[in-house]
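Accompanying notes for the structure given below.
What follows draws every value from the coordinates through simple rules; no lab data is involved. What you see is a predicted model; the values in this text were computed from it and never measured. Note: ideal-geometry Cβ built from the backbone for every residue, glycine included; neighbour counts use all protein chains shown.
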Amino acid sequence: MGNYVREHTPFNSGNHLAEVNGVQIAFTDPVPQGRQILSEAGYDPADEHLLIQLLHHETRSVSLDEMVDLRTEGAKNFMAFRNDRIFRFTINDRGYEWGTELIGEPMLRRLAGISNDAVLVLESEDGEVVLEPYAQVNLSESGTEHIQSKSRYITVSLNGDKREIPRGIYTMEQLIVILPVEPGYVLNLLDADGKLTALKSDEKLRVKEGMKFFSQVPCGASS
C-alpha cells in the first residue's frame, strides 16, 4: 500500500480547479467533499484511498465526508494514496500528515519549502542524522519523526583558526583532508572539560558547531 500513482484519466468539466497527484481536475462544485475529489480524480473506490491536502508548510488529511472550499487561497493541491493509515511527522516543529510509510528527502524539502542552502536533519536516539538527497524516512516506526532544517555548513576551529565545513559525520582521515591538517600530523579534539583527546584512525565523529581541533606531530610534540 502507499501507492499514489494515477489510476485512470478522469473526464469532467467546471470552473473550480484542484490538483491531485500533479494532475489538474475541474469541478463544478466549489466546495466538494473529499470523496468527490478522489472520485473525480479517478481514485475509486474512494473509501480505499486517503486524501492529503498540501497547504503552505503543512499537510493534513481530508476525510471522505469533509467539505473543501476550493475558492480558498492555497487549498487546491492534494495527494491521493491507496492506503488506510495516516503517518505523521514534523518539520521545524510544524505538523504534517502523509499517506505512505516512506517519504523521500526531496518531498520533505518540497512540503516544507526548504531551500538547498539548508540540510534536513532527522532527530534519532543516536543523535542527528543528516538526510542525503536520496534518503528515505520510514514513518511507520512508533511515535512521530521529528525533522529540522539547519545550515548546511558549521564553523569549527583548527589551532585557533576558524574553518567552515559541511555538517556531518567524519573519520579522522576525512577531517585531516577537509580542515586541512599538515601532512603527517595527528588530530586532537578539545572536549568540554578542556582536555585534548586524540582522534583514532577510522573513528567516526559527528562534527558540531564550535568544535575545537588541534594538530600535533605523532611523537607528541606541540604542532
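Distance between the C-alpha centers of segment 46-122 and segment 124-176? Whole Å please. Segment 46-122 and segment 124-176 have Cα centres spaced 25 Å from each other.
A Cα-only calculation for segment 16-150 places Rg and Dmax at 15.7, 52 Å.
Only one residue of Ser157, Met172, Gln136 has its Cα farthest out toward the positive end of the dipole of segment 105-175, where Lys and Arg carry +1 and Asp and Glu -1 on Cβ, and that residue is Ser157.
Cβ-Cβ distance of Arg82 and Gln148, R₀ of 35 Å, FRET efficiency by 1/(1 + (r/R0)^6): the value works out to about 0.70.
For segment 119-146, no residue has its backbone nitrogen under 15 Å from a point 7 Å from the Cα of Val177, taken along Cα to Cβ.
For the residue pairs Lys150/Lys208; Lys150/Lys200; Lys150/Lys195, alpha carbon separations beyond 23 Å are given by Lys150/Lys200; Lys150/Lys195. Normalised Debye scattering of segment 153-216 at q = 0.26 Å⁻¹ gives log10 I(q)/I(0) of -1.28, counting only Cα atoms as equal scatterers and leaving out solvent. Take the chain and mark each of the chymotrypsin sites (Phe, Trp or Tyr not before Pro) that is in a DSSP loop with at most 11 other Cβ atoms within 10 Å; the longest unmarked stretch, sites excluded, is 12-133.
Run the helix sum for the chain: -39,500 (n - 2.57) per DSSP H stretch of 4+ residues, divided by residue count, reported at 222 nm to the nearest 500 deg cm²/dmol.
Values: 3 runs with 22 residues, N = 223.
When only DSSP H runs of four or more count, the value is -2500 deg cm²/dmol.
Between Val23 and Arg110, what length in nm is gained on full extension when 0.36 nm per residue of separation is reduced by their alpha carbon distance? Let's see the in-between values first.
Values: separation 87, 0.36 × 87 = 31.32 nm, distance 1.72 nm.
Extra length available between Val23 and Arg110 comes to 29.6 nm.
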